[in-house]
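Everything below concerns the one structure shown next.
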Amino acid sequence: MAIVSTSETPNTADELPPADELRRAGLRVTAVRVALLDTVRDGDHLGVEGVAEGVRDRVGHVSLQAVYEALHALTAAGLVRRIEPAGGSPRFEGRVGDNHHHLVCRSCGAVADVDCAVGEAPCLTPADDRGFTLDEAEVIYWGLCADCSARSTSSTSLT
Ligand SMILES: [Zn+2]
Ligand SMILES: [Zn+2]
């Protein structure tokens, strides 16, 4: 069963090796899943293509279908978080469980993390909950990233 290399040391003391985290989440440990967890955590809100690239760098050729399956399993288990800004493709990240939000650039699509001002979900209260039991408010702050802001003010020919 020990098909997976665990030679990499964990980043922090309380962080389990990826294989152990998979086991603890009740998931079967596969090389693809371990590579995927590593890739998503190393990456910065990667899209599916970026995730596939990172997995292939680690374990060799893997089909896109296998990457999708692993993403689905890890997302469902709460080890990976999926965000999907409107009009964009899904992004994946390893920072989970802290209800952080995202800043998204309308121009280049850059995504950055921002801590939740309240700290826990749901961090917004609707004027009227209409009888719903709410557990989360999805917050995305839209605007221009620093680079795109600088570009749009320095070049007035662009809208
Ligand atoms: Zn931008
Ligand atoms: Zn994030």
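Only the coordinates and a few stated rules stand behind these numbers; no lab work does. Given the structure is predicted, the values throughout are model-derived calculations rather than measurements. For neighbour counting, all protein chains shown are included, and Cβ atoms are generated from backbone atoms with ideal geometry for every residue, glycine included.
Before moving on, here are some points about what is shown:
- Global form of segment 23-159, assessed from the alpha-carbon gyration tensor, a/c cut-off 1.5: oblate
- 10 Å Cβ shell holding at most 14 others, DSSP loop, trypsin sites (Lys or Arg not before Pro): longest site-free stretch of the chain: 29-94
- Segment 86-159: chymotrypsin sites (Phe, Trp or Tyr not before Pro) in DSSP loop, at most 14 other beta carbons within 10 Å: Phe132
- GNM flexibility winner over the chain from Ala19, Ala117, Ala127 (Cα, springs under 10 Å): Ala127
- Segment Ser154-Arg95, extension gain: residue separation times 0.36 nm, minus the distance between their alpha carbons: 17.8 nm
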